[in-house]
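*Asks:* Mind having a look at this structure? Questions to follow.
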Amino acid sequence: MGLKCNKSVFFLFLLRILQERMKQRFVIGVICVLGLLTSKSYAQYDPSFVNYWAMTSFYNPAATGQGTMLNVQGAYSMQMTGFENAPSVMSAYVDMPLFFISARHGAGLGFMKDQIGLFNHQKFYLQYAYHQPLWGGKLSVGVHLAMLSENFDGSELDLEESGDPAFPTNEAEGSGFDMNVGLQYSHKSWYIGFSMLHCTAPTISLGEEEVNELKVSSSFYLMGGYNIRLKSPLYTIHTSAMMRSDLLGFRADITGRLAYHGQKFDMYGGLSYSPTNSVSLLLGGTFHGLNIGYAYEMYTSAIGALHGTHEVIIGYQTDLNLFKKGKNKHKSVRIL
């Protein structure tokens, strides 16, 4: 997860080194509290999904409600497998065009849960986008309104010595308002978008005494994709890339997938590369509107390939345009 992932790796390595010399619960507790109290540990707040190309509206609200499809998407990522208290992320959302107003309007809602150690980050959000036809394509602008919920379970700490208010000894909770904005232009075979996440840069106070604070920094995302059509209509190469930064840390992902388009199903396989971070293998397909995909992310750092990330995505799309003549003769503008 960008800088957040790097810090998490450091903390988990520290645990492995010290667990033979100190009480394990004590080490876990100190690591988690350091993650809470060190603002740089959360410079990159958002999770990094390998299948970002299938979750464009998660990172850019301008992609909400494109085309004529009801889109339901879920993702689960289990990171740094083999380590105790390793991070895991779950995301689910639904978006659709608002035909009863105009096909130019789209709306969506979603939920995310990001857990690492004794921390539990949750987000509930609503999204809206306006799509304007332009130059043979579509220009979209979107806004994302969210409520962040943060929880730290200090009851699991074993600090041996108590009394320091910087170390919570019970559950500490807090919440805050957040907002994202985005802009995207999509054409027949390509798209490009820019978004700013955490525009409000919220500071969330934890616990009744509000001794500890979590600062969420604004982040900037640039995402794009291009479909390369081959001589055979049965095959297409899908390329995509995403760059993100909070002005302190930076991460880039470049992905290529070869897709086979059958009469009853589509299948794809591909690779994704994040410089200095990881290499990922992707597999998946679409069956009667049901999209299923799997990715394994192998870290190129010292953590090793066997302690990578397992990620699963499941989605469903169905036509909502009841006023269109014919049946299911369109293609979604989402580049999948």
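Matching residues to (1) within 23 Å of Gly308 (Cα to Cα); (2) not in a loop (DSSP other than H, G, I, E, B):
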| position | (1), (2) |
| --- | --- |
| Val72 | no, yes |
| Met96 | no, yes |
| Phe100 | no, no |
| Lys113 | yes, yes |
| Val143 | no, yes |
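*Asks:* Pull up the stretch 319-329, narrow it to residues that are surrounded by fewer than 13 Cβ atoms within 10 Å (Cβ to Cβ) and not basic (Lys, Arg), then point me to the one that is modelled with the lowest pLDDT. Break it down into steps so the answer makes sense when it comes.
*Replies:* Of all residues in the stretch 319-329, those surrounded by fewer than 13 Cβ atoms within 10 Å (Cβ to Cβ) come to 322-323, 325-329.
The next check asks that each one be not basic (Lys, Arg); those that pass are 322-323, 326, 328.
Numbers: Leu322: 52, Phe323: 51, Gly326: 48, Asn328: 45.
Among residues in the stretch 319-329 that are surrounded by fewer than 13 Cβ atoms within 10 Å (Cβ to Cβ) and not basic (Lys, Arg), the one modelled with the lowest pLDDT is Asn328.
*Asks:* With the structure loaded, tell me whether Asn85 is crowded, with 16+ Cβ neighbours inside 10 Å and either part of a loop (DSSP other than H, G, I, E, B) or modelled with pLDDT of 95 or more (or both) or whether it fails that test. Break it down into steps so the answer makes sense when it comes.
*Replies:* On the way: crowded, with 16+ Cβ neighbours inside 10 Å: yes; either part of a loop (DSSP other than H, G, I, E, B) or modelled with pLDDT of 95 or more (or both): yes.
The answer is yes for Asn85.
*Asks:* Next up: Would you pick out the residues in the stretch 221-242 that are farther than 17 Å from Met267 by Cα and loosely packed, with under 15 Cβ neighbours inside 10 Å?
*Replies:* Lys231
*Asks:* Please go through the stretch 273-300 and give me each residue that is out of contact with any Phe, Trp or Tyr (no Cβ under 9 Å at 6 or more places or on another chain) and either surrounded by fewer than 14 Cβ atoms within 10 Å (Cβ to Cβ) or at pLDDT 90 or above (or both), ordered by number.
*Replies:* Answer for the stretch 273-300, where residues must be out of contact with any Phe, Trp or Tyr (no Cβ under 9 Å at 6 or more places or on another chain) and either surrounded by fewer than 14 Cβ atoms within 10 Å (Cβ to Cβ) or at pLDDT 90 or above (or both): Tyr273, Ser274, Pro275, Thr276, Ile292, Tyr294, Tyr296, Glu297, Met298.
*Asks:* Specify the residue that is nearest to Phe49 (Cα to Cα); the eligible residues are those in the stretch 208-220 that are touching a residue at least 40 places away in the same chain (Cβ under 8 Å) and surrounded by fewer than 17 Cβ atoms within 10 Å (Cβ to Cβ). Break it down stepwise before answering.
*Replies:* Of the stretch 208-220, the ones touching a residue at least 40 places away in the same chain (Cβ under 8 Å) are 209, 211-212, 214-217, 219.
Those still in the list that are surrounded by fewer than 17 Cβ atoms within 10 Å (Cβ to Cβ) too: 209, 211, 215.
Details: Glu209: 35, Val211: 32, Lys215: 22 Å.
Looking at residues that are touching a residue at least 40 places away in the same chain (Cβ under 8 Å) and surrounded by fewer than 17 Cβ atoms within 10 Å (Cβ to Cβ), I get Lys215.
*Asks:* Take the stretch 198-224 and flag every residue that is of a type outside the set (Ser, Thr, Tyr), touching a Ser or Thr at 6+ places or on another chain (Cβ under 6 Å) and modelled with pLDDT of 95 or more.
*Replies:* Within the stretch 198-224, Phe220 is the sole residue that qualifies.
*Asks:* So, of the residues in the stretch 184-207 that are in contact with an Asp or Glu (Cβ under 8 Å, 6 or more places away or on another chain) and more than 23 Å from Gly249 (Cα to Cα), which turns out to be surrounded by the most Cβ atoms within 10 Å (Cβ to Cβ)?
*Replies:* Here the residue is Leu206.
*Asks:* Same structure again: For Gly137, indicate whether it is more than 21 Å from Met179 (Cα to Cα) and either touching a helix residue (DSSP H, G or I) at 6+ places or on another chain (Cβ under 6 Å) or among the basic types (Lys, Arg) (or both). Full working, then the answer.
*Replies:* Numbers: more than 21 Å from Met179 (Cα to Cα): yes; either touching a helix residue (DSSP H, G or I) at 6+ places or on another chain (Cβ under 6 Å) or among the basic types (Lys, Arg) (or both): no.
Answer is no for this residue.
*Asks:* Same structure again: Report the residue count in the stretch 140-154 for those that are hydrophobic (A, V, I, L, M, F, W, C), modelled with pLDDT under 95 and surrounded by fewer than 19 Cβ atoms within 10 Å (Cβ to Cβ).
*Replies:* Matching residues across the stretch 140-154 total 1.
*Asks:* Of the numbered conditions (1) in contact (Cβ under 8 Å) with a residue 60 or more places away in the chain; (2) surrounded by 19 or more Cβ atoms within 10 Å (Cβ to Cβ), Val181 satisfies every one except a single condition; which is it?
*Replies:* All conditions pass for Val181, except number (2).
*Asks:* Consider the stretch 219-262. How many of its residues are among the hydroxyl-bearing types (Ser, Thr, Tyr) and within 15 Å of the chain's Cα centre (by Cα)? Steps first, please.
*Replies:* First, the residues of the stretch 219-262 that are among the hydroxyl-bearing types (Ser, Thr, Tyr): 219, 221, 226, 232, 235-236, 239-240, 245, 255, 260.
From what's left, within 15 Å of the chain's Cα centre (by Cα): 219, 221, 245.
The total comes to 3.
*Asks:* Considering only residues that are out of contact with any His (no Cβ under 8 Å at 6 or more places or on another chain) and aliphatic (A, V, I, L, M), look in the stretch 229-245 and name the one that is nearest to Ala259 (Cα to Cα).
*Replies:* Going residue by residue through the stretch 229-245, those that are out of contact with any His (no Cβ under 8 Å at 6 or more places or on another chain) are 229-232, 237-245.
Checking the rest, the ones that are also aliphatic (A, V, I, L, M) come to 230, 237, 241-243.
Working: Leu230: 11, Ile237: 6, Ala241: 17, Met242: 20, Met243: 24 Å.
Among those that are out of contact with any His (no Cβ under 8 Å at 6 or more places or on another chain) and aliphatic (A, V, I, L, M), it is Ile237.
*Asks:* Continuing with the same structure: Quick one: count up the residues across the stretch 62-79 that are touching a Leu at 6+ places or on another chain (Cβ under 9 Å) and either within 16 Å of Asn120 (Cα to Cα) or buried (at least 23 other Cβ atoms within 10 Å of the Cβ) (or both).
*Replies:* Summing the residues that are touching a Leu at 6+ places or on another chain (Cβ under 9 Å) and either within 16 Å of Asn120 (Cα to Cα) or buried (at least 23 other Cβ atoms within 10 Å of the Cβ) (or both) in the stretch 62-79 gives 2.
*Asks:* Which one is farthest from Phe49 (Cα to Cα) among residues in the stretch 275-295 that are assigned to a strand (DSSP E or B), touching a residue at least 24 places away in the same chain (Cβ under 8 Å) and hydroxyl-bearing (Ser, Thr, Tyr)?
*Replies:* We begin by selecting, within the stretch 275-295, every residue assigned to a strand (DSSP E or B); these are 278-287, 290-295.
Going one step further and asking which of them are touching a residue at least 24 places away in the same chain (Cβ under 8 Å), we end up with 278, 280, 282, 284, 286, 290-291, 293, 295.
So of that shortlist, the ones also hydroxyl-bearing (Ser, Thr, Tyr) come out as 278, 280, 286.
Working: Ser278: 12, Ser280: 11, Thr286: 19 Å.
Selected residue: Thr286.
*Asks:* Please verify whether the stretch 303-312 includes one or more residues that are at pLDDT 90 or above and surrounded by 17 or more Cβ atoms within 10 Å (Cβ to Cβ).
*Replies:* Scanning the stretch 303-312, I find at least one residue that is at pLDDT 90 or above and surrounded by 17 or more Cβ atoms within 10 Å (Cβ to Cβ), so the answer is yes.
The values are calculated or read from the model by the stated rules, or taken from the named source; none is laboratory data. Please read these numbers as outputs of a predicted model, since none were measured by experiment. FYI the Cβ positions are ideal-geometry reconstructions off the backbone, even for glycines, and counts take in every protein chain you see.
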